Amino acid sequence: MRVDVKKTYKLYIGGAFPRSESGRVYELKDSKGEFLANPCQASRKDFRDAVVSARSAVTGWNKATAYNRGQILYRVAEILEGRTFQFAEEIVAMEGVNFKEAKAQVEAAIDCWVWYAGWCDKIASVSGSTNSVSGPYYNFTVPENLGVVTVFADQKSSLLGLVAGLAAVLAGGNTAIVIASEKYPLSAITLSEVLATSDVPAGVVNILTGYSAELAPWVGAHMDVDGIDVSGLSKKTEEEVRLAGAENLKRIHRFNQFQSLGRIQAFMENKTVWHPIGV
Amino acid sequence: MTNFEYAPALESTAILDIASQYRLFINGKFVDPKTTQYFQTINPANEQVISQVAFAGEADVDDAVKAARNAYEKSWSKLSAAERGKYLFRIARILQERAREFAVLETLDNGKPIRESRDVDVPLAAAHFFYHAGWSDKLKYAGLGNDPKPHGVVGQIIPWNFPLLMLAWKVAPALATGNTVVLKPAETTPMTALLFAEVCQQADLPAGVVNIVTGDGSTGSFLVNHPDVDKIAFTGSTSVGKAIARAVSGTKKSVTLELGGKAANIVFEDAAIDETVEGIVNGIFFNQGHVCCAGSRLLIQENIQDEVLEKLKRRMASIRVGDPLDKNTDLGAINSAEQLSRITELSASGDLEGAQRWSPQCDLPTAGFWYPPTIFTGVTQAHRIAREEIFGPVLSVLTFRTPQEAIEKANNTPYGLSAGIWSEKGSRILWASQQLRAGVIWANTFNKFDPASPFGGYKESGWGREGGRHGLSAYLKGEK
């Protein structure tokens with residue numbers, strides 16, 4: 001009998017796979033209650049490191065043309081597709097669904113990713129405007145990235161909710177820190193392996209596993225975070241995050257659809273530019 | 001320096017019929033405040049009392065919210081969108097018809113020059129109603145889904161710097177999208193809102209669609225915390241904005257915030273200097289600098305600093321400070337004693353921290369609240385006058401050597417409301433406008449506003465936009 005080579009699930013920060021600086025892990029059980037893995041229990045310090053990495057990646061990610069960002073994100077979908085079985089097997093283990101259902105979720109997640117990838121170079125046309133002002137001025141409004149967004153991934157699905165949260169943020173030109181689902185974190189870590197081997201620059205996506213409620217107050221209070229997707233938090237924790245987030249007026253949103261333009265727009269700023277017209 | 005003498009050209013106040021007392025406007029009628037209290041509103045240019053205005057307490061706010069809820073459920077939401085729009089068109093027309101009255105009253109209550117209230121505030125307020133009237137029956141084209149829904153009852157709190165215009169920015173989109181409104185005007189400038197209540201009556205707007213509760217910060221707080229208010233829209237200071245964000249953190253209330261700013265106005269070496277100087281003056285001295293998006297941090301490329309400052313000082317010497325009702329006046333009164341002391345205190349910190357102050361020779365009236373047009377040179381990024389919003393006619397001047405340095409300095413602030421760029425080179429303007437983290441960029445112009453143009457800030461300057469298609473989303477529930 002061959003003994004399996006098991007994987008150590010680590011964090012993903014700045015393109016590297018560190019363990020939590022705290023040295024903490026938590027025991028993850030499968031749907032039958034058997035030991036599955038020891039994912040890292042990320043600390044406040046890990047989160048702060050992730051913010052530094054995400055902030056430093058904002059400029060580079062936005063120097064790329066929107067067309068280029070779209071291609072980079074599409075490339076992620078290509079690599080996801082090749083790993084379908086690995087994702088499906090992890091989903092079977094965590095969620096206890098059958099393989100067919102798990103595979104269907106992976107395919108839906110890949111399609112969702114492709115949907116968002118295609119938005120990169122269209123969002124400005126759909127979400128921006130030229131405005132007829134009453135005077136000799138050219139006036140237009142364009143959407144721009146918000147900056148650094150923390151995504152509390154959906155807790156109810158392993159991969160689909162995670163992808164919807166992350167891809168929407170990236171399509172808007174933001175960099176992200178994802179706090180993975182507590183119960184279903186393996187898809188997030190495997191996704192980070194996909195990202196690490198795609199063309200997404202280091203730091204654009206950072207993924208932490210651990211306890212959302214423990215990290216939430218630090219996320220809410222961090223002054224270098226611009227936006228938070230609280231879809232994966234309880235209402236009570238969301239309230240704590242909103243209270244702390246008021247200090248620098250973070251943009252905080254909860255979503256109920258996986259594929260929606262509103263998800264992208266929520267983490268973008270609109271900039272209006274005026275210029276006189278004349279000879 | 002040539003000293004032009006101008007004969008006074010006073011706008012008459014005979015057009016106004018000011019009552020000695022104003023009550024609250026709730027459910028289409030003027031009613032006594034349950035507090036039984038009234039407070040004075042004064043003319044900041046001479047400290048004379050204009051009138052007594054009702055002070056709304058918790059029970060009054062509750063009555064106003066109930067009236068708004070009732071109107072939302074029984075009349076306003078039953079009306080077709082096209083008919084709703086027609087009420088807004090009516091209001092726009094009445095504002096135009098009574099424009100002079102509004103302009104004179106605004107100048108009396110606020111202290112701003114009649115030239116500005118007449119040519120900017122009032123026409124723009126009417127334009128906001130006219131623009132949004134046309135949106136009422138076209139909301140499915142606003143990019144928020146096929147059938148976007150209003151929130152319901154909206155609580156709106158507005159500042160004293162553009163009393164009627166801020167009312168229009170708030171009320172027009174809220175009504176066009178099918179919401180009903182409880183509006184709290186600023187404590188020091190309630191008059192034009194109360195005159196607007198008469199306009200609502202003349203337009204035969206259904207009772208309770210617009211309710212106006214005058215009072216102070218406590219009145220606003222009752223409104224923010226009222227459980228039956230679905231949405232809060234606030235314009236004012238960043239500190240109050242944050243307090244509102246905290247107050248609603250555990251509720252389902254939707255919030256938009258239009259807060260402070262410390263805009264950089266960047267002058268590149270290739271700028272057209274004379275036009276730029278006009279733009280600098282307009283950027284900081286328009287409305288006494290009581291403008292959240294004022295160009296209060298001037299960033300001049302180092303090699304043209306001397307020329308720009310010399311011309312700026314010469315231009316500032318011709319700014320006429322004085323009676324706001326005089327049509328020649330450029331710079332009117334500071335809105336209140338409280339604001340004057342804030343401007344004085346922050347400016348004093350500029351002296352203490354080592355910046356050099358300059359003001360032209362100008363005689364200030366003895367009564368009322370006044371501050372001369374002022375610039376500080378030798379300002380560094382660390383100075384309080386480079387970081388905090390002064391909200392007065394005080395300009396901080398900094399310099400830069402490279403375009404990259406200009407952008408870094410401009411963005412080095414927690415605010416992000418507006419910015420200015422002066423350059424004759426198109427590619428540089430577009431580059432700078434991309435780099436600046438601010439919601440409104442004025443290139444080779446400054447302080448321009450239009451109902452079709454979205455306005456609002458990045459970072460701690462607020463949440464959401466007002467005006468344009470983007471502004472509608474503040475008052476509609478979109479898909480997400």
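Every number here is computed from the coordinates shown, using simple stated rules; none is lab data. Bear in mind the structure is a predicted one, so any value in this text is a computation, not a measurement. In this analysis, Cβ positions are derived from the backbone assuming ideal geometry, glycine residues included, and neighbour counts consider all displayed protein chains.
Quick notes on this one:
- The antiparallel fraction among DSSP beta bridges confined to segment B:362-480 stands at about 10%.
- Couplings 3J(HN,Hα) for segment B:69-74, derived from phi with the Karplus relation 6.51 cos²θ - 1.76 cosθ + 1.60 (θ = phi - 60°), are 5, 4, 5, 4, 7, 8 Hz, where x marks Gly and Pro.
- Over chain B, DSSP H runs of length four or greater, each weighted -39,500 (n - 2.57), average out per residue to a 222 nm ellipticity of -11000 deg cm²/dmol.
- Spin-label model, residue B:39/residue A:75: points 7 Å from Cα along the beta carbon direction are separated by 6.1 nm.
- Stokes-Einstein, applied to the Kirkwood radius of the protein assembly as shown over Cα pairs at a viscosity of 1.306 mPa s and 10 °C, places its translational diffusion at 58 µm² s⁻¹.
- Here the Karplus curve 6.51 cos²θ - 1.76 cosθ + 1.60, taken at θ = phi - 60°, turns the phi angles of segment A:213-219 into couplings of 5, 6, 7, 3, x, 6, 5 Hz, with x standing for Gly and Pro.
- At full extension, residue B:48 and residue B:228 could sit 61.0 nm farther apart than now, given 0.36 nm per residue minus the alpha carbon distance.
- Averaging 1/r over each pair of different alpha-carbon atoms in segment A:1-89 and inverting the result gives 16.2 Å, the Kirkwood hydrodynamic radius.
- Spherically averaged projected area of the convex hull of Cα atoms, chain B: 21.8 nm².
- Cα gyration tensor shape for segment B:259-324, rounded if a/c is under 1.5, else prolate or oblate: oblate
- Compared with the dominant Cα axis of chain B, that is its longest principal axis, helix B:426-435 is turned about 60°.
- Anisotropy class of segment B:32-177 from Cα gyration tensor, a/c 1.5 cut: oblate
- Cross-link reach is defined here as a Cα-Cα straight distance under 17 Å, omitting same-chain residues fewer than 8 places apart; for residue B:480 the lysines meeting it are B:140, B:149, B:252, B:253.
- Reported to the nearest whole Å, the Cα centre-to-centre distance from segment B:168-188 to segment A:203-272 is 29.
- Seen against the Cα atoms of chain A and their longest principal axis, helix A:160-171 is set at about 30 degrees.
- Scalar couplings 3J(HN,Hα) for segment B:97-105, obtained by applying the Karplus form with A = 6.51, B = -1.76, C = 1.60 to θ = phi - 60°, are 4, 9, 4, 5, 4, 4, 5, 5, 5 Hz; x denotes Gly and Pro.
- Neighbour counts of other Cβ atoms within 10 Å put B:20, B:296 in the fewest-to-most order B:20, B:296.
- Panel order for B:475, B:371, by other beta carbons found within 10 Å of each beta carbon, from fewest to most: B:371, B:475.
- Considering only chain A, percent of DSSP beta bridges that pair antiparallel, nearest 5: 50 percent
- Rounded to the nearest 5, the antiparallel percentage of DSSP beta bridges internal to the protein assembly as shown is 35%.
- Counted by neighbouring Cβ atoms within 10 Å, the residues A:152, B:391 run from fewest to most as B:391, A:152.
- Shape category assigned to segment A:171-279 from the gyration tensor of Cα positions, a/c cut at 1.5: oblate
- For residue A:228, distant residues with modelled amide H under 5 Å away: A:150, A:251, A:252, A:253
- Cβ charges +1 (Lys, Arg) and -1 (Asp, Glu), total dipole of segment A:43-107, debye: 520 debye
- Against chain A, whose longest principal axis comes from its Cα atoms, helix A:44-63 is set at around 40 degrees.
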